[in-house]
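Novice: The structure's right below; bear with me while I get my questions together.
The values are calculated or read from the model by the stated rules, or taken from the named source; none is laboratory data. Bear in mind the structure is a predicted one, so any value in this text is a computation, not a measurement. All Cβ positions, glycine included, derive from the backbone under ideal geometry; neighbour counts span all protein chains shown.
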Amino acid sequence: MLEIRFAETRRLDVEQELTQKDQFDTDKVPLPATLVREAIQNTNDARADGNEGAVVMRIGFHKADAVPDFLSGVLSTLRPHLEAVDVPTDGLDLDHPDFLTLEDFGTTGLTGSVTEKDTQHFSDFWRRIGRSHKGGTSGGSWGLGKLVFPFSSLVYTVFGLTVRAGESGPGWLMGQTILSTHTLDGVERMPHGFSAEFAGDGFPVPTNDPTTVEAFRTATGIHRTTEPGLSLAIPFPRDELSAERLIPLVIEHYFFPILTGRLVVHVGRTLIDAETVNALIETHKAGNLTPAQIAFIRDLHAAREADAPVHAPPVWPSTGFAAAFDSDTLDGLRTAYARGDLVHVRAPLTVKPKNAPDETGDFDLFLKVAAPGAEPVSLFVRNAITVPNEARAFASPTTFGALVAAGGPVAAFLRDAENPAHTLWNGRAEKLVRRWRSPALTLAAVRKALRELNQVLENSAGVIDPDALLDLLNIRRSADSPRPTRNPIVRKPVVDLPPPAPPRYRLRVRSGGFSIVAGPGLGHDDVPMKLLVRCGYAVARGNALKRWDRNDFEFGDDTTLAITHSGAALGGKGNRLALTATDKAFEVNVAGFDINRDVVVVISEIRE
C-alpha cells in the first residue's frame with residue numbers, strides 16, 4: 001500500500017526552494033509548451049529497440065468519481081505539507097481530483113532496479129535531479145526537464161506506473177511531490193516526498209500489488225495494462241493545461257516526427273498523425289505551417305528514406321564545402337539547386353568524447369529554392385525533436401533549409417548541448433564540456449553547415465555571363481529621341497594640401513585573420529593608445545558588423561580564435577576586441593577565422 005513521507009532533514013542538509021520552476025514557465029516557452037516538449041521528447045527517446053514505426057503518446061483528462069483509500073490517504077496526508085509551504089489547498093476536492101495523464105507506447109519503460117539506487121532509468125527518473133546516466137542518442141536525460149511534471153500540478157505531485165518488457169505483473173507504481181524544505185509538527189522536512197512503500201531504513205520503493213495498481217488505473221483513467229512504457233498521472237493539473245491549449249502546441253513543436261510518421265499523439269479524443277495533421281494545422285492555426293512547408297518536410301523525409309545523399313568529403317569542417325567538393329560534384333549540386341530540386345548532402349563529422357577514442361558520425365543537410373510566393377522554413381532537428389531557437393542560424397527569404405541529426409555520435413553530442421527545455425544548443429553547457437573535447441568548435445561547425453552550403457550553392461563565382469547586365473546597361477535610344485545635354489565641366493582650382501600625418505597603427509589582413517601593428521606615426525608620448533576593433537564576416541546585403549552572430553566567432557575567455565600579442569593589453573567580448581597599446585612597437589595577431597569568408601575589420605581610436 002502506498003503512503004507519503006517526507007524524510008527529516010539532517011544538520012548537514014542544504015535548505016532548498018522551488019527556484020527551478022521559473023525555467024519551465026517563461027514568456028518564450030510557457031509551461032504548457034514545456035510539458036509537451038518534455039513528455040514527447042522522452043517518448044521519442046525511449047523508443048523500444050526494433051520499433052521502426054511510430055511511438056505513441058496519449059494525453060488524457062480524467063475526473064475521478066472516487067479515489068481508492070490509499071490515494072485519498074496520500075492526498076490527505078499531503079495537505080498539511082502544502083500548507084507549510086504556503087501552497088493554497090482551499091477548493092481542492094481531494095476525494096474527486098482531476099488528473100492529466102501522459103502515457104507512451106512502443107517504448108521501453110523505466111528500466112533498472114526498483115529497490116536500489118543504480119545508474120539506470122528508474123533511478124534517474126525518481127531518485128536524481130539534474131543528473132542522469134543516459135548515453136548515446138537516447139535523448140531526454142531525465143535530469144532537470146522532468147521537474148515540469150510535478151510543477152504542472154497545483155499540489156506539485158506526479159504519480160508514475162511503468163511496465164518493463166520481459167516482466168510479468170501489473171507494473172511498478174510510485175509517486176513524488178516536490179515542495180521545499182519545510183517544518184511540520186516541529187520537524188524540518190526534506191523537499192522531496194515519496195508516495196511509495198518504504199524499506200526498513202526508510203528507502204522508498206514502488207508497489208506492484210495488482211489490487212493497488214488496478215485501483216490506481218481506474219481512478220486516474222490511464223490506458224496502460226501490460227504494454228511496456230511509462231504512464232504519468234498529474235493530480236489537479238493547472239488550468240492552462242487543457243486539450244485546446246495542448247493540441248496546437250503538440251503540432252507546433254513536433255510537426256516533424258508527426259509528418260514523417262515517427263510519432264502519433266492522442267490529445268483527449270483528437271488523433272494527431274501524418275494523415276490528420278494537415279487539417280488540424282488549419283483548424284487549430286498551429287505551427288504556422290503552410291502547404292509548401294509541409295510538402296518540404298515530406299520531401300526531405302522521402303529523401304532520407306531513399307538514402308541517396310551526396311556525401312561531403314570529411315575535410316569540409318576545416319576547408320569549407322566549396323574547397324572540399326570536387327568541381328563535378330559541386331557543379332551537379334548547383335545545377336540541381338538552381339533547377340529547384342531538393343539538395344540532400346550528408347556531412348560526416350568527428351566528435352571527441354573525453355576518455356574515449358574519437359567517433360565519426362554524420363548529419364543531413366537539405367536545401368530547396370522556394371517557389372515564388374512561398375514562405376520558407378528553417379528546421380534544426382536532433383533525433384526526432386525540433387530545436388526551434390537554432391533556426392536563427394539559417395534564415396533565408398528564398399530557401400527552405402533543414403539540418404537533421406537523426407542519430408549516432410553527432411546526435412549524442414547535440415543532445416548534451418541542449419538546454420533543459422530542448423529549445424537551444426549551448427556550446428558551454430556543463431554536460432557538453434564535461435563529456436566532450438573542443439565542444440565549442442564542433443558545435444560551431446554544425447551550426448554553420450547549412451548556411452555555408454547554401455552560400456556555396458548560390459555562389460556563381462568563376463561563371464562569367466557576358467549578358468548578365470545587358471538589360472540594365474545597354475539601353476537603346478530611338479533614332480528620333482533627343483540627345484541629353486551635358487552640363488559644362490567646371491574645373492576647381494588646385495589647392496596645395498599638407499601631407500597626411502603618418503598613421504599611428506596599421507591593419508594587415510591575411511587569409512583567416514589579420515594583424516594590427518604600430519605605425520610610423522606612433523611615438524613614445526602616444527602610448528598607451530586605446531583601439532576598439534570590431535569584426536564581422538562580409539555579407540551580400542546589410543552591415544557586416546550588425547549581422548555578426550556568436551556562432552561565427554567570438555572574442556573573450558572562451559574564444560576559438562588564436563590570438564597572440566606583444567606590447568599590448570587585450571580584452572574582448574562578442575565581435576569586439578579592446579586593444580591598449582603599451583609599447584610603440586606593439587603587435588597583435590588574430591587567426592582562426594573561416595578562410596572561405598572575408599572578414600570586415602573596423603578600428604576606432606578611443607581618445608580620452
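Novice: Under 7 Å between Cβ atoms, at least 6 apart or on separate chains: pull out the pairs that start in segment 208-232 with a residue that is in the same structural domain as residue 105 (by TED's automatic domain parsing) and end on any residue that is part of a loop (DSSP other than H, G, I, E, B) and of a type in the set (Lys, Arg).
Specialist: Note: pairs meeting the criteria are 228/164; 231/224.
Novice: Still on this structure: Among the numbered criteria (1) more than 23 Å from residue 316 (Cβ to Cβ); (2) crowded, with 17+ Cβ neighbours inside 10 Å; (3) small (Gly, Ala, Ser), which one does residue 513 miss?
Specialist: (1)
Yes/no matrix, rows are residues, columns are (1) small (Gly, Ala, Ser); (2) closer than 22 Å to residue 260 by Cβ; (3) surrounded by 24 or more Cβ atoms within 10 Å (Cβ to Cβ):
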{"residue": "405", "(1), (2), (3)": "yes, yes, yes"}
{"residue": "412", "(1), (2), (3)": "yes, yes, yes"}
{"residue": "420", "(1), (2), (3)": "no, no, no"}
{"residue": "424", "(1), (2), (3)": "no, no, no"}
{"residue": "427", "(1), (2), (3)": "yes, no, no"}
{"residue": "432", "(1), (2), (3)": "no, no, no"}
{"residue": "435", "(1), (2), (3)": "no, no, no"}
{"residue": "438", "(1), (2), (3)": "yes, no, no"}
{"residue": "445", "(1), (2), (3)": "yes, no, no"}
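Novice: Just to check your reading of the model, which residue among 440, 406 is farther than 21 Å from residue 560 by Cβ and of a type in the set (Gly, Ala, Ser)? Steps first, answer last, please.
Specialist: Values: 440 fails: farther than 21 Å from residue 560 by Cβ.
Residue meeting the stated conditions: 406.
Novice: Also: Quick check: is even one residue across segment 308-320 farther than 23 Å from residue 396 by Cα and aliphatic (A, V, I, L, M)?
Specialist: yes
Novice: Select from segment 195-212 the residues that are over 17 Å from residue 123 (Cα atoms), under 41 Å from the mean Cα position of the chain (by Cα) and part of a loop (DSSP other than H, G, I, E, B) and list them in ascending order.
Specialist: Hit for segment 195-212 is 209, nothing else.
Novice: Another question, then. Within segment 334-357, identify whether any single residue is over 24 Å from the mean Cα position of the chain (by Cα), farther than 30 Å from residue 292 by Cα and aliphatic (A, V, I, L, M), and answer yes or no.
Specialist: Yes, some residue in segment 334-357 is over 24 Å from the mean Cα position of the chain (by Cα), farther than 30 Å from residue 292 by Cα and aliphatic (A, V, I, L, M).
Novice: Here's another thing I want to ask about it. List every residue pair whose Cβ atoms lie under 9 Å apart, where the two residues are 6 or more positions apart in sequence or sit on different chains, the first residue falls within segment 269-290 and is closer than 19 Å to residue 223 by Cβ, and the second residue, located anywhere, is small (Gly, Ala, Ser) and part of a helix (DSSP H, G or I).
Specialist: The qualifying pairs are 269/243; 270/243.
Novice: So if I check each of 394, 400, 366, which one is surrounded by 16 or more Cβ atoms within 10 Å (Cβ to Cβ), of a type in the set (Phe, Trp, Tyr), touching a His at 6+ places or on another chain (Cβ under 8 Å) and in contact (Cβ under 8 Å) with a residue 12 or more places away in the chain? Walk me through how you get there before you give the answer.
Specialist: Working: 394 fails: touching a His at 6+ places or on another chain (Cβ under 8 Å); 400 fails: touching a His at 6+ places or on another chain (Cβ under 8 Å).
On inspection, the qualifying residue turns out to be 366.
Novice: Go through (1) surrounded by 13 or more Cβ atoms within 10 Å (Cβ to Cβ); (2) farther than 24 Å from residue 317 by Cα one by one and return the number of the condition residue 590 breaks.
Specialist: Only one criterion is unmet by residue 590, namely (2).
Novice: For the structure I just gave you, tell me whether residue 271 is surrounded by 21 or more Cβ atoms within 10 Å (Cβ to Cβ) and either modelled with pLDDT of 95 or more or in contact with a helix residue (DSSP H, G or I) (Cβ under 6 Å, 6 or more places away or on another chain) (or both).
Specialist: Details: surrounded by 21 or more Cβ atoms within 10 Å (Cβ to Cβ): no; either modelled with pLDDT of 95 or more or in contact with a helix residue (DSSP H, G or I) (Cβ under 6 Å, 6 or more places away or on another chain) (or both): yes.
So residue 271 does not fit the description; no.
Novice: Let me ask something else. For residue 576, which of the numbered conditions (1) in contact with a Phe, Trp or Tyr (Cβ under 7 Å, 6 or more places away or on another chain); (2) under 30 Å from residue 325 (Cβ atoms) fails to hold?
Specialist: (2)
Novice: Identify all residues within segment 589-608 that are of a type outside the set (S, T, N, Q) and closer than 14 Å to residue 504 by Cβ; write none if there are none. Can you show your working first?
Specialist: Of all residues in segment 589-608, those of a type outside the set (S, T, N, Q) come to 590-595, 597-603, 605-608.
The answer is 603, 605, 606, 607.
Novice: Taking into account only those residues within segment 164-179 that are under 35 Å from the mean Cα position of the chain (by Cα) and at pLDDT below 90, which is nearest to residue 122 (Cα to Cα)? Before you say what the answer is, go through the steps one by one.
Specialist: Filtering segment 164-179 for residues under 35 Å from the mean Cα position of the chain (by Cα) gives 164-166, 171-179.
Next, from what is left, pick out any that are at pLDDT below 90: 165-166.
Values: 165: 14, 166: 16 Å.
For segment 164-179, the residue satisfying everything is 165.
Novice: Of the conditions (1) surrounded by 13 or more Cβ atoms within 10 Å (Cβ to Cβ); (2) touching a helix residue (DSSP H, G or I) at 6+ places or on another chain (Cβ under 8 Å), residue 558 clears all except one; give me its number.
Specialist: Among (1) surrounded by 13 or more Cβ atoms within 10 Å (Cβ to Cβ); (2) touching a helix residue (DSSP H, G or I) at 6+ places or on another chain (Cβ under 8 Å), the lone unmet condition for residue 558 is (1).
Novice: For the subset of segment 5-25 comprising residues that are in a loop (DSSP other than H, G, I, E, B) and surrounded by 11 or more Cβ atoms within 10 Å (Cβ to Cβ), which member is modelled with the highest pLDDT?
Specialist: 9
Novice: Let me confirm something: among 240, 275, 252, which residue is in a helix (DSSP H, G or I) and out of contact with any Cys (no Cβ under 8 Å at 6 or more places or on another chain)?
Specialist: Details: 240 fails: in a helix (DSSP H, G or I); 275 fails: in a helix (DSSP H, G or I).
Being in a helix (DSSP H, G or I) and out of contact with any Cys (no Cβ under 8 Å at 6 or more places or on another chain) holds for just one of 240, 275, 252, which is 252.
Novice: When the residues of segment 333-349 are narrowed to those that are in a helix (DSSP H, G or I) and in contact with a strand residue (DSSP E or B) (Cβ under 8 Å, 6 or more places away or on another chain), which ends up surrounded by the fewest Cβ atoms within 10 Å (Cβ to Cβ)? Explain how you work it out, then say what you get.
Specialist: Taking segment 333-349 and keeping what is in a helix (DSSP H, G or I), we get 333-339.
Then drop every residue that is not in contact with a strand residue (DSSP E or B) (Cβ under 8 Å, 6 or more places away or on another chain), which leaves 333, 336-338.
Numbers: 333: 21, 336: 17, 337: 20, 338: 12.
Per the stated criteria, the residue is 338.
Novice: Report, by residue number, each residue of segment 295-317 that is closer than 28 Å to residue 261 by Cα, of a type in the set (A, V, I, L, M, F, W, C) and not in a helix (DSSP H, G or I). Give the derivation first.
Specialist: Our first condition is that a residue be closer than 28 Å to residue 261 by Cα; within segment 295-317, this holds for 295-312.
Okay, now just the ones that are also of a type in the set (A, V, I, L, M, F, W, C), so 295-297, 300, 302-303, 306, 308, 310, 312.
Residues satisfying the conditions are 308, 310, 312.
Novice: In this structure, is residue 227 over 23 Å from residue 148 (Cα atoms) and in contact with a strand residue (DSSP E or B) (Cβ under 8 Å, 6 or more places away or on another chain)? If you could, list the steps in order and put the result at the bottom.
Specialist: Numbers: over 23 Å from residue 148 (Cα atoms): yes; in contact with a strand residue (DSSP E or B) (Cβ under 8 Å, 6 or more places away or on another chain): yes.
Answer is yes for this residue.
Novice: Here is a follow-up. Identify all residues within segment 318-332 that are touching a residue at least 60 places away in the same chain (Cβ under 8 Å), of a type outside the set (A, V, I, L, M) and assigned to a helix (DSSP H, G or I); write none if there are none.
Specialist: Within segment 318-332, 319, 321 qualify.
Novice: Please work out which one of (1) crowded, with 17+ Cβ neighbours inside 10 Å; (2) of a type outside the set (D, E, K, R); (3) under 25 Å from residue 304 (Cβ atoms) is the condition residue 247 fails and give its number.
Specialist: The number of the failed condition is (3).
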